[in-house]
Amino acid sequence: MQYRVLGRTGMKVSRLCFGALTIGPLQAGLPVANGARIIRRALEAGVNFIDTAELYRTYPYIREALQGFAGDVVVVSKSYAYTYHGMRESVEKALRELGRDYIDIFMLHEQESRLTIEGHREAVQYLLEAKERGLVRAVGISTHHVEGVLGAAAMPEIDVVHPLLN
């Protein structure tokens, strides 16, 4: 497996990322044990980068897959929360349900432009504070739009941009 350093975060991630959406209730709806086995197989094959989101409801799958796994794993999660309080709840839920002390990368989910990112200013503020406290290692956005990439690239507080490529 080949690895890359993820931008200015310094995190070393596999070139392949396991997208957890596909195994959870919104798509395949696998039982947690089965989905966890699939994730664990990917980890054992060298994939150390797992993508999820609060909406996907796959935290239990990831938690089970990580039990007893000794390798380094980078978990990225996302939330649609736009307020300080809402993002705090999203991060706390992720930490609790994943059974982790920190989330490697936490993102605003599906941002369209700098305007939408600015509309989530309170949520970004919470993520920056969570980063200072060590609860989040990097702050980012996911996007399906070029304007989202350009907007995030112009904002120094955004560490990671996760565009959807088809």
Within segment 20-39, can you find the residues that are outside any helix (DSSP H, G or I) and among the hydrophobic types (A, V, I, L, M, F, W, C)? 26, 28, 30
Inside segment 43-68, the number of residues satisfying the requirement of being hydroxyl-bearing (Ser, Thr, Tyr) and either farther than 16 Å from residue 24 by Cβ or open to solvent by 20 Å² or more (accessible area, probe 1.4 Å) (or both) is 1
Give the residues of segment 48-68 that are of a type in the set (S, T, N, Q) and out of contact with any strand residue (DSSP E or B) (no Cβ under 7 Å at 6 or more places or on another chain), sorted by residue number. 58, 67
If you go through 8, 40, the only one that is open to solvent by 50 Å² or more (accessible area, probe 1.4 Å) and more than 17 Å from the chain's Cα centre (by Cα) is 40
Residue list for segment 47-65, restricted to those being farther than 18 Å from residue 81 by Cα and not in a helix (DSSP H, G or I): 47, 48, 49, 50
When you check residue 20 against the structure, is it within 25 Å of residue 124 (Cβ to Cβ), hydrophobic (A, V, I, L, M, F, W, C), at pLDDT 95 or above and open to solvent by less than 10 Å² (accessible area, probe 1.4 Å), yes or no? yes
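The values are calculated or read from the model by the stated rules, or taken from the named source; none is laboratory data. Note that the structure is a prediction, hence the values are computed from the model and not measured. FYI the Cβ positions are ideal-geometry reconstructions off the backbone, even for glycines, and counts take in every protein chain you see. Accessible surface is based on the protein model in full, side chains and every heavy atom, while ligands, DNA and RNA are left aside. Shrake-Rupley method; radii C 1.70, N 1.55, O 1.52, S 1.80 Å.
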